[in-house]
Amino acid sequence: MADTHGYHDDKAAYLARLRRIEGQVRGLQRMVDEDTYCIDVLTQVSAVTKALQGVAVGLVGDHLAHCVRDAEHAADETTHGIIRRVNSTFVTPFDREDIYSLASGLDDVMDFMEEAVDLVLLYEVKKLPSELANQVEVIQRCAELTAESMPRLRTMSDLEEYWIEINRLENLGDKSYRRILAKLFSGKYEALEVMKLKDVVDSLEAAIDAFETVANIVEQIAVKES
């Protein structure tokens with residue numbers, strides 16, 4: 001079966017929205033070319049930005065609902081495989097306990113992501129706050145950095161920048177989390193919707209924290225092995 005990437009069923013709707021945004025951008029180009037008043041241009045830029053955010057968050061929601069669960073199951077299988085390999089190997093690159101902790105930490109990241117997916121589906125969340133895209137962006141960057149750092153455990157080299165950057169991203173995630181909570185409790189949402197969305201946001205925040213835990217484990221291993 002062909003990979004549908006999660007948003008296949010709504011592809012026509014997303015393309016239609018993107019075409020409307022494309023028209024807005026062309027309108028912006030005309031406004032600049034015609035020396036339109038600056039504030040009017042900035043207002044249109046804001047409208048385009050908001051429209052793009054809406055598309056991005058929609059894609060994020062669809063991606064979570066369709067793609068992450070399969071990834072989480074694959075992560076579980078990988079974790080179990082690591083543990084089996086460690087148990088059957090007499091000599092390991094570093095302490096077995098550290099390998100267990102590292103594998104478990106990576107598995108926790110995916111568990112929290114799957115939890116967010118389940119909550120979106122079980123709660124039948126129709127619309128996610130646009131600010132949620134910031135959390136997802138932090139998670140994506142943490143995932144990229146973590147993936148890049150794992151091969152470097154072989155030589156224990158050039159790892160310090162990794163855990164420093166993960167710590168910075170975790171702080172950024174905390175700020176985003178607080179802003180989302182402030183919006184949820186601003187009175188613009190129904191009480192039941194606040195409870196649903198807070199659970200989803202909490203799960204994504206836990207995933208970011210889990211990435212920091214992985215980075216801390218890597219730092220401890222590097223210090224121990226240096």
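The values are calculated or read from the model by the stated rules, or taken from the named source; none is laboratory data. Quick caveat, the model's predicted, so the values are computed rather than measured. So basically every Cβ, Gly included, is an ideal-geometry build from the backbone, and we count neighbours across all protein chains shown.
Here are a few things to note about the model shown:
- Qualifying residue in region 148-162 (condition: part of a helix (DSSP H, G or I), under 17 Å from the mean Cα position of the chain (by Cα) and of a type in the set (A, V, I, L, M)): no
- Qualifying residue in region 162-176 (condition: in contact with a helix residue (DSSP H, G or I) (Cβ under 7 Å, 6 or more places away or on another chain), under 22 Å from Lys126 (Cα atoms) and at pLDDT below 95): yes
- Top-ranked residue of region 128-152 - restricted to ones that are free of Cβ contacts under 8 Å to residues at least 12 places away in the same chain and of a type outside the set (A, V, I, L, M), ranked as surrounded by the fewest Cβ atoms within 10 Å (Cβ to Cβ): Pro151
- Test result for Ile217, under 18 Å from the mean Cα position of the chain (by Cα), buried (at least 19 other Cβ atoms within 10 Å of the Cβ), assigned to a helix (DSSP H, G or I) and not polar (S, T, N, Q): no
- Any chance Tyr177 is part of a loop (DSSP other than H, G, I, E, B) and surrounded by 13 or more Cβ atoms within 10 Å (Cβ to Cβ): no
- Candidate set from region 186-214 (those that are part of a helix (DSSP H, G or I) and of a type in the set (S, T, N, Q)); member that is surrounded by the fewest Cβ atoms within 10 Å (Cβ to Cβ): Thr213
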